[in-house]
Structures are given as structure tokens and as C-alpha cells.
1. Name the helices (runs of 4 or more DSSP H) wholly inside the range B:69-131 in which the number of residues that are facing another protein chain (nearest Cβ under 8 Å) and within 16 Å of B:CYS31 (Cα to Cα) is 3 or more.
2. In the range A:240-280, what residues are within 12 Å of another protein chain (Cβ to nearest Cβ) and crowded, with 24+ Cβ neighbours inside 10 Å?
3. Take the conditions polar (S, T, N, Q), in contact with a Gly (Cβ under 8 Å, 6 or more places away or on another chain) and surrounded by 12 or more Cβ atoms within 10 Å (Cβ to Cβ) and apply them to B:ASN121. Does it pass?
4. Filter the range A:130-160 down to the residues that are over 30 Å from B:GLU19 (Cα atoms) and assigned to a loop (DSSP other than H, G, I, E, B) and list them by number.
5. Can we say A:ARG120 is of a type outside the set (Val, Ile, Thr), surrounded by fewer than 24 Cβ atoms within 10 Å (Cβ to Cβ) and part of a loop (DSSP other than H, G, I, E, B)?
6. It is to be established whether one or more residues within the range A:164-176 are assigned to a loop (DSSP other than H, G, I, E, B), away from chain B (no Cβ under 12 Å) and in contact with a His (Cβ under 9 Å, 6 or more places away or on another chain).
7. I need the full set of residues from the range A:13-49 which are within 14 Å of chain B (Cβ to nearest Cβ), over 17 Å from the mean Cα position of the chain (by Cα) and not in a helix (DSSP H, G or I), in order please.
8. Does the range B:8-38 hold any residues that are over 22 Å from B:GLU59 (Cβ atoms) and either of a type in the set (Val, Ile, Thr) or over 18 Å from the mean Cα position of the chain (by Cα) (or both), and which are they?
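What follows is calculated from the coordinates using simple rules that are stated; it is not laboratory data. Quick caveat, the model's predicted, so the values are computed rather than measured. So basically every Cβ, Gly included, is an ideal-geometry build from the backbone, and we count neighbours across all protein chains shown.
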Amino acid sequence: MAKITAGVATSHVPAIGAALDLGKSADPYWKPLFDGYEFSKRWIAAEKPDVVFLVYNDHATAFSLDCIPTFAIGCAESFQPADEGWGPRPVPVVEGAPQLAAHITQSVIESDFDLTIMNRMEVDHGLTVPLSLMFGQPKAWPCKIIPFAVNVVQYPPPSGRRCYNLGKAIRKAVDSYDKDLKVQIWGTGGMSHQLQGPRAGLINREFDTMFLDRLINDADALSMMPHIDYVREAGSEGVELVMWLIMRGALDAEVEEVYRFYHVPASNTAVGHVILKNKS
Amino acid sequence: MTGDKPYDNIPGTVIFDAEMSRRGYHLNQFCMSLLKEQNRERFRLNERAYLDEWAMSEEQKQAVLARDYNKMIALGGNIYFLAKIFATDGKSFQYAAALMTGMAQEDYANMMLKGGRSVENNRYKGEQSDG
């Protein structure tokens, strides 16, 4: 049977992708950030997941204001890296896992979560920067990927509670898939940041630390935190953190913290990263 | 929509909700068109003529021409859509963020290196001294 073997969370700043693509990862500004992912790259090379279920948000790339799905699952064979205005990132095409994606779609919808099904979709830095951070710069990504896009562009995004419970439904779906597959679930975006208006540049290390601690040890209660607290404390774009609760919901109540990294700044953003495993 | 919104009292912040999305629909869809290189070319060649192809208000068009991002946001623009404009200009998110705060880009970058803008005195309107 398929099994969720680990959960990963990481931020996804576009400038991180640009730094890597332009060969600046050893620059003094960027080195501390990329050094923080060296452990993770070794770890994932040993773990060898077959599939990553990658929860991320689209940044007005695949979804314009014509159609704004709250939850959209990528069921295609492959997904092209998008041109976000600076030209497409020079990264490999993302290979999907259409059979598993179809199974998860059916199971999750039958668990009362109404997903939008994407049979064609381009993916932006929200998806490709986490892949670059975890896998570096390979010629091809070393596993299949199921992109799962969450609306955090137009307010309100789904609630933390909804995300957490969705994670549980995804777990149930993966557990009931009749093929031996190692599946990781990733939650991306965050941590504290604000990209707009006179309050741009907001960072809240105290909030971020609290969020990381409670994500690991007190996730059920953390999932009740209302949007307004994210926006006020972690910035208007900090609300992306609800996506981490989807990842967390797909793990056991008790988890082991395999790794944690936190760094300020990457451009305008606080970068957070954790690797979690079930204890059993 | 009617009534107060719980996020209206956050300083220096516009939440892109359904009401702002309606107001900014054409502005944001214009931005979306800049995802295609041939449209970026046409926009660069004659910005005004390109903007006139969109059902935007004159105020929105003037804000785009002036690259006044705070104004665009007040008129319904969303930062992830507006990013297509500064991407077309070859500029970064940090450039645009600095511009919106009124700081020189170098000062803004230094603020970020020192840990960013503090949330203290930045939670509620009226408590902040410098925005």
C-alpha cells in the first residue's frame, strides 16, 4: 500500500529561484540560506520518495481573476514551468502522478472536500522553488509530483481548520492506494512576510517560532487560529502558512522533528523549513 | 459589501477581498496579459495605447503609467498581478516593496538584513509612528 513517509514545509520566495538560476547561491547574501538546505538535500536523497504531494499557491500564473479555485489538484501527466514575467525558470518539466492523483481526487471528494481538477496547468515559483531547495539543480526531478494549488491570493483563503482536516482526508486517500509508494507531503509558502503597501517588509520571528513549535506539538489547536491573526502578526502574505496545516493534517498527531531551519531575510521574506516524520 | 471588516484596522495594508477583486478586475487582467512576451513587447512600445485596450478606469491607467503601486492597490490591484508590471520593467519584488514603503531600496534592503520591519506598533492603525 502507499504510505505517507514524511512531511516537509518550506518557504518559496521567487528571488531564491533567481539566485539559484543565475549562479548566485554562493554569494554572501544567499549562502546562509542555501546552507540551511544541505541537510535536507542529503536527507531526501536517502529517503527517495516516489511521489511528492506538493501543496503550494499559484501567484496569478495559472489562475487569473476569471477563475479562482480554493483547492485545485493537478492530475496531468506533466506540468510546464510558467513564464511569470521574467521568462520561465530553467528547471525541469514537472512529471505528474496521474493515477495516484485521480485516486486521491476521488477519495478526497468523497470525504466532502470539493476539489477542482486540473488536467492542464503551468506551475510557478510557488511549486518550483521548493523543488529547487530540496533537490538542487538536477537534469530531471527525481520523483513524480502532484501539484495541489490553494487559493491565498483573493481573501479569504480556506481556514486553517479546513486545511488541517483536508490533510487528514489526503492521508486517508494515500493510505488506501493499492500500490507500494513512498509519498511525501509538502506544505509551502510563508513564513512572515508582507509584499504590499507601507507595511511591506514586516517580519515576526516570534510569531514564526511559535507557529513552528505549535505546528509540531499543538497542531490541532493551532488550526483554529483565525486569518486575521496571521495577517496582523505575520503580514498580508504570511497567511500562506495555512497551507502548512494541510501537510501537518496528513501526519500523525505525534510527530518527530527531523530538522528545522529559519533564516531572515530572503528578499522580503522570513524563510522557514521543517522536516517531520511520524513517530511510529 | 457592508459593515466593517476586521482587517480594516491593520496599518499600511489592503486586503484583496471580493470587493477589491471586483474593483480591480480589469486592472488585474491587464497585468495577467503581461505573462506573454509578445504582450510585454507591445506594452513597452506604447504603454498608453496598450492600456486603452482594457476596460480600466482612467485613474487606474494613470496609476500604471506612474508606476504608483500603492495607488494601484487602492484601486483594486493585487500585488501578485501587479508583479507582472514590474517584471516587465525588469524589477524585483524587493524593488517594488521598497517603492511602496517610500524607502530608498538600499535602506529597505538594510532593514530586511537587520531582521525586517517590526510588528511592534504595526498591528493597529494609530499605534505606529512611521507607518
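1. On the way: elements: B:69-74, B:79-88, B:93-101, B:105-113.
Qualifying helices (runs of 4 or more DSSP H): B:69-74, B:79-88.
2. Of the residues in the range A:240-280, the ones within 12 Å of another protein chain (Cβ to nearest Cβ) are A:240, A:262-271.
Listed by number, the residues that qualify are A:GLU240, A:ASN268, A:THR269, A:ALA270, A:VAL271.
3. Working: polar (S, T, N, Q): yes; in contact with a Gly (Cβ under 8 Å, 6 or more places away or on another chain): no; surrounded by 12 or more Cβ atoms within 10 Å (Cβ to Cβ): yes.
The answer is no for B:ASN121.
4. Taking the range A:130-160 first, the residues over 30 Å from B:GLU19 (Cα atoms) are A:130-146.
Within the range A:130-160, A:GLY136, A:GLN137, A:PRO138, A:LYS139, A:ALA140, A:TRP141, A:PRO142, A:CYS143 meet the criteria.
5. In short, yes.
6. Yes, because at least one residue in the range A:164-176 is assigned to a loop (DSSP other than H, G, I, E, B), away from chain B (no Cβ under 12 Å) and in contact with a His (Cβ under 9 Å, 6 or more places away or on another chain).
7. Answer for the range A:13-49, where residues must be within 14 Å of chain B (Cβ to nearest Cβ), over 17 Å from the mean Cα position of the chain (by Cα) and not in a helix (DSSP H, G or I): A:LEU22, A:LYS24, A:ASP27, A:PRO28, A:TYR29, A:TRP30.
8. So the first thing to find is which residues in the range B:8-38 are over 22 Å from B:GLU59 (Cβ atoms), and the list is B:9-11, B:35-38.
Those that are over 22 Å from B:GLU59 (Cβ atoms) and either of a type in the set (Val, Ile, Thr) or over 18 Å from the mean Cα position of the chain (by Cα) (or both): B:ASN9, B:ILE10, B:LYS36, B:GLU37, B:GLN38.
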